[in-house]
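Accompanying notes for the structure given below.
FYI, it's all coordinate maths here, none of it is from the lab. Given the structure is predicted, the values throughout are model-derived calculations rather than measurements. Quick reminder, even Gly has a Cβ in these numbers, built from the backbone with ideal geometry, and neighbours come from all protein chains shown.
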Amino acid sequence: MRNFVLIFFLIICNAIYAIETFTIEGKVLCNGKGIENVVVTDGETFATTNNKGVFSMVINSESKFVYISTPSGYNSQVENGVVKYYLPLQGSGKNYNFNLYKSNTDAKRYGLVVISDPQIWVEKEFAKLSISMQDIKETVKSYNNDRPFFGICCGDIVSSNHSFYPRYNEIIESSGITFRNVMGNHDMTNFGRSFETSLSNYESMYGPAYYSYNIGDIHYVVLDNNFFVGRDWYYIGYLPEKQLKWLEKDLKYLKEGSTVILMMHIPSTCTEKDRKEFRYENSASTMINHKGLYDILKPYNVHIFSGHTHTPFNTQITPNLYEHVMPGLSGAWWQGPYCTDGAPNGYEVFEINGSELKWYYKSTGYPKEYQVKVLSGDDYPDFKGFVVANVWNSDASWKVELYENGKCIREMERFSAYDPRVKEFYSNTEKLDHKWIYPSLSDHFYRAPLSEAAKNIEVRATDRFGNVFIGKLERN
């Protein structure tokens, strides 16, 4: 009798706390014709369209959206600067229809402009954002219609004032290209009681905080690794199990060895040390549970795009996993021309051919060739006895050489340093809107002993693609 009562009690509890499910149906169309094999999800369950573009799926009542992984060769509709690859869920029904349009260009050869941390704090910063968008427009124009361009923002779209989103979207559209978005920690709705409450303002404007899409031969994935801990504005870099499970399912639609670009705001890593050593005080700087993500990504050729630091880190994590941590479009929060490591404000440009990527950093207001700043120990006591080059977009594969009076002297040694120009420029915090800005220690500096006889100093930096960038310095 006791067992019967217990079983009956458990059945009642399960009935009370069971999550309701319902069935939805819809179509994915282009010019009225169905598109086959389009992946559809609610953030947990997946389905694909049949040969008439029809899908049907059973979803739970806690889901907020139904959305598609926009297939290669097609574009989703754009409304007021927002890509509409999603529809809000409103219960069971058969009217969840998506109308795509055919891409009129060869999407196997295209360009990407990747920005991070525009982070608009106040109205006056929109003028600076407009200058950046004009710079992007000119960069795209320089390709002379050689390839179509797409845009990605890796989060911190604004700085907590989410009423700025519509104005931000309007200015971003002036670049002439369509941007998709990643959620940043400043895009969270703060002071709620749990992580789930942090998504509301971002989702209201941009839709799901994690999703995927396809361009040409590359599969793109956006994740939200800003984990609000339910207290004030605090967060950590962390991917919940729900997203990891979703990612596993999403990637099952790809062949092993496919190229994937995965985007999230907080870096999975910046240095080898943070991959090997966990420290609580750094839990908001990089992603805590990166190992689980890396394990899921092992079968694929992956580039991770992230931001958050406002400074660049380029890391070959494994032979098939590379992370690009993007400098801030706003640099040091729009307070001057430098990021806190001396990198200029700017954005990354990727040239895509099939599944292959090439990239370079474009400094706002400078030509594409501006990749090196040469500093002399004559001018900066911190570098006494040395010539130093800040090569902000470099990684371990770059070769940086010192030339004196037209002759190659030696390969320069990579080391970590503070940029003395940043120390000078941001030293007087009374002139800054934000009093907490300070220089950052960075690993993209190169040095060599400075010869007294050297009058014409030249640093030649060769990237992994064989491009040579030159920085010069004249001595009296």
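A straight Cα-to-Cα reach below 26 Å connects Lys472 with the lysines Lys358, Lys362, Lys368, Lys373, Lys384, Lys399, Lys407, Lys423, Lys455, residues fewer than 8 places away in its own chain not being considered. Fewest-first ordering of Cys153, Cys408 by other beta carbons within 10 Å of each residue's beta carbon gives Cys408, Cys153. Modelled spin labels at Leu244 and Lys407, positioned 7 Å past Cα toward Cβ, are 5.8 nm from each other.
For segment 163-239, relative contact order (Cα pairs under 8 Å, six or more residues apart, normalised by length) works out to 27 percent.
Relative to the current alpha-carbon distance between Lys399 and Asn161, full extension at 0.36 nm per residue lengthens the span by 81.4 nm. Site pair Lys384 and Thr271 shows an inter-label distance of 2.5 nm when each label is modelled 7 Å from Cα along Cα→Cβ. Normalising the average separation of contacting C-alpha pairs (under 8 angstrom, six or more residues apart) by the number of residues puts the relative contact order of segment 109-363 at 20 percent. Taking a straight Cα-Cα cut-off under 22 Å and skipping sequence neighbours fewer than 8 places away in the same chain, the lysines within cross-link reach of Lys242 are Lys64, Lys252, Lys291, Lys298. Full extension of the chain between Glu170 and Lys423 gives 87.6 nm of extra length, using 0.36 nm per residue less the Cα-Cα distance. With θ taken as phi - 60° and the coefficients 6.51, -1.76 and 1.60, list the Karplus ³J(HN,Hα) couplings across segment 453-458 in order, rounded to whole Hz; mark glycine and proline as x. Going residue by residue, I get 7, 6, 10, 10, 9, 9 Hz, with x marking Gly and Pro. Computing FRET efficiency as 1/(1 + (r/R0)^6) for Val229 and Phe22, where r is the C-beta to C-beta distance and R0 is 35 Å, gives about 0.60.
Counting neighbouring Cβ atoms within 10 Å and putting the fewest first, the residues Arg421, Arg193 line up as Arg193, Arg421. Less than 13 Å from a label point 7 Å out along the Cα-to-Cβ axis of Trp436: which backbone N atoms in segment 177-217 qualify, by residue? Output list for this probe position: 186. By the count of other C-beta atoms within 10 Å, a proxy for reagent exposure, Trp121, Trp436 are ordered fewest to most as Trp436, Trp121.
Taking amide H as placed 1.01 Å from N in the peptide plane, Leu262 has its amide H under 5 Å from the amide H of Val221, His303, Ile304, Phe305, each at least 5 places away in sequence or on another chain.
Our coupling estimate for segment 41-55, obtained by passing each phi through the Karplus curve with A = 6.51, B = -1.76, C = 1.60 and θ = phi - 60°, is 8, 10, x, 8, 9, 10, 8, 10, 7, 8, 5, 9, x, 8, 10 Hz, Gly and Pro reported as x. Each residue of segment 142-159 is assigned a 3J(HN,Hα), and the resulting list reads 5, 7, 6, 6, 5, 7, x, 10, 10, x, 9, 10, 8, x, 6, 4, 10, 10 Hz, derived from the Karplus form 6.51 cos²θ - 1.76 cosθ + 1.60 (θ = phi - 60°), x at Gly and Pro. Sequence-distant contacts, meaning Cα pairs under 8 Å at least 6 residues apart, place the relative contact order of the chain at 11 percent. Working value for segment 373-474: equivalent-ellipsoid semi-axes of 26, 17, 11 Å, each the square root of 5 times a Cα gyration tensor eigenvalue, largest first.
Placing dummy labels 7 Å off each Cα toward the beta-carbon, the span from Tyr101 to Val468 is 4.6 nm. Once the Cβ-Cβ distance of Arg279 and Asn50 is raised to the sixth power relative to R0 = 35 Å, the FRET efficiency obtained is 0.10. Taken over the Cα atoms of segment 121-169, the convex hull encloses 78 Å³ per residue. The count of lysine pairs in segment 68-130 with alpha-carbon distances below 25 Å, taking only pairs 8 or more places apart or on different chains, stands at 4.
What separates the Cα centres of segment 380-423 and segment 290-342 is a distance of 22 Å. Applying 1/(1 + (r/R0)^6) with R0 = 45 Å to the Cβ-Cβ distance of Thr197 and Asn80 gives a FRET efficiency near 0.95.
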